[in-house]
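K.L.:
The following block contains the structure, expressed as structure tokens.
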Amino acid sequence: MSLSKLVKSYLLLIILGSISCRTAYQNIAFKEKTVPLKPDYSESKSWAVLPGKYPRVLKGFEKIKRDQKADVFYIYPTLFSDKNVSDWNANIWTSSIRQDVFDTAVKYQASAWQNAGDLYVPFYRQAHYRIFVEPDNKMVRTAWEIAYEDVKNAFQYYLKHYNKGKPIIIASHSQGSMHAKRLIKEFFDSKPIRNQLVAAYLIGARVLPSEFNTIQPLEDPKATGGFISWNAYKMNKLPKNYNNWFQGGVTTNPITWDTQNTSKKSNHKGLLSKDLKLYPKSLNIELVDGILWTSLPEIPGRIFLSLIKNYHFADINLFWKDIEQNAIARVESWYQKKHNENK
């Protein structure tokens, strides 16, 4: 959801806030003339990350040399949340919006997949956070369609000009995962390109077991062609909006990647902190209906995390190294499966 600057100031993780501040947003009319200029994905400036155009925020991460690579198409979450602006969609041409994408989403989230493949991160006119607290109306739907139109156009351009038949990982969080669900329905579900899907990491949004016709939840750490999803929350706590936003959703175990409902700290590969340090064996988890309960991570500054119930802001950071290793393993599994089919 939103980027909470207050929490960001002292947490060690990327912060993408909670939905507790809904009363701060006013009902503002949508005006067509204020819609930001749309991206042109034939131009590199419409992309935050392209192969050969890796921003400096990714240069602090270890690069693993691998022969078999996939493509990773990453869709970032809602970073546009300032209650003092009247815009319904982010203007990707402003430096503050672009820097937010680099300094939060790319640095702390997309980085988890960069060793699994070539990263593609389009700038898109994300819908303002207020769409999540406004009643469903034409303004909300229009803002949402503008955001999805960009994601779809970026993916179409990517397929036509960049992919060249390589396996694909879809990676996303929150608003990004909501757009990714629709993207998968339009391009992968019951479509020939489904065979190129390594996995869809649809994190931070509810994804029902029956969401797709042919794309199923993955319940083995090396399975391919399906999806993964979870919503992190403090151990033994449930959100107030549990029934509407979470219950019934697929909850993947992001440590064992199988059907186990719990995991030990000793199996946790590593949490990524704000200073880019990894903290392995720092938490244990338990899966319940639509929610991934996590213990308080054993990291410096954990006292601040103890004040928070909703770990949505850290859905990816909590399992950064787990995701990295799993994505690499799934790409290798995809290639092995392809090799066996061609024998």
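The values are calculated or read from the model by the stated rules, or taken from the named source; none is laboratory data. Computed from a prediction, not measured in an experiment: that's the story for all the values here. Note: ideal-geometry Cβ built from the backbone for every residue, glycine included; neighbour counts use all protein chains shown.
K.L.:
Can we say W88 is over 22 Å from D315 (Cβ atoms), at pLDDT 95 or above and not charged (D, E, K, R)?
P.N.:
On the way: over 22 Å from D315 (Cβ atoms): yes; at pLDDT 95 or above: no; not charged (D, E, K, R): yes.
Considered against the rule, which asks whether it is over 22 Å from D315 (Cβ atoms), at pLDDT 95 or above and not charged (D, E, K, R), W88 comes out as no.
K.L.:
Now for a separate question. Determine the pairs where a residue that is closer than 18 Å to S172 by Cβ and without any contact (Cβ under 8 Å) to a residue 60 or more places away in the chain, located within the stretch 128-153, has a partner that is surrounded by 20 or more Cβ atoms within 10 Å (Cβ to Cβ) and of a type in the set (K, R) with Cβ atoms under 6 Å apart, the partner being 6 or more residues away or on another chain.
P.N.:
Pairs that qualify, where the first residue is closer than 18 Å to S172 by Cβ and without any contact (Cβ under 8 Å) to a residue 60 or more places away in the chain and the partner is surrounded by 20 or more Cβ atoms within 10 Å (Cβ to Cβ) and of a type in the set (K, R), are A147/R125.
K.L.:
Do we find a residue being of a type in the set (S, T, Y) and either part of a loop (DSSP other than H, G, I, E, B) or under 24 Å from I64 (Cβ atoms) (or both) anywhere in the stretch 94-107?
P.N.:
Yes, the stretch 94-107 contains a residue that is of a type in the set (S, T, Y) and either part of a loop (DSSP other than H, G, I, E, B) or under 24 Å from I64 (Cβ atoms) (or both).
K.L.:
For the stretch 203-216, state whether one or more residues are free of Cβ contacts under 8 Å to residues at least 40 places away in the same chain and outside any loop (DSSP other than H, G, I, E, B).
P.N.:
no
K.L.:
Give me the residue from the stretch 51-85 that is small (G, A, S) and touching a helix residue (DSSP H, G or I) at 6+ places or on another chain (Cβ under 7 Å) and, out of that set, surrounded by the fewest Cβ atoms within 10 Å (Cβ to Cβ). Break it down into steps so the answer makes sense when it comes.
P.N.:
Applying the first criterion (small (G, A, S)) to the stretch 51-85 yields 52, 60, 70, 81.
If we keep only those that are touching a helix residue (DSSP H, G or I) at 6+ places or on another chain (Cβ under 7 Å) as well, we get 70, 81.
Details: A70: 26, S81: 23.
Here the answer is S81.
K.L.:
For the stretch 208-229, check the following and say yes or no: at least one residue is under 17 Å from the mean Cα position of the chain (by Cα) and under 24 Å from A90 (Cβ atoms).
P.N.:
no
K.L.:
Do we find a residue being touching a Gly at 6+ places or on another chain (Cβ under 7 Å) and within 30 Å of Q336 (Cβ to Cβ) anywhere in the stretch 120-142? Even if it seems obvious, please write down each step before you answer.
P.N.:
The initial filter retains those residues of the stretch 120-142 that are touching a Gly at 6+ places or on another chain (Cβ under 7 Å), namely none.
No, the stretch 120-142 contains no residue that is touching a Gly at 6+ places or on another chain (Cβ under 7 Å) and within 30 Å of Q336 (Cβ to Cβ).
K.L.:
Check the stretch 131-139 and report whether any residue there is modelled with pLDDT of 95 or more and not in a strand (DSSP E or B).
P.N.:
no
K.L.:
Another question, if that's okay. Given (1) under 30 Å from K222 (Cα atoms); (2) among the hydrophobic types (A, V, I, L, M, F, W, C); (3) in contact with a Lys or Arg (Cβ under 6 Å, 6 or more places away or on another chain), identify the lone condition not met by A200.
P.N.:
(3)
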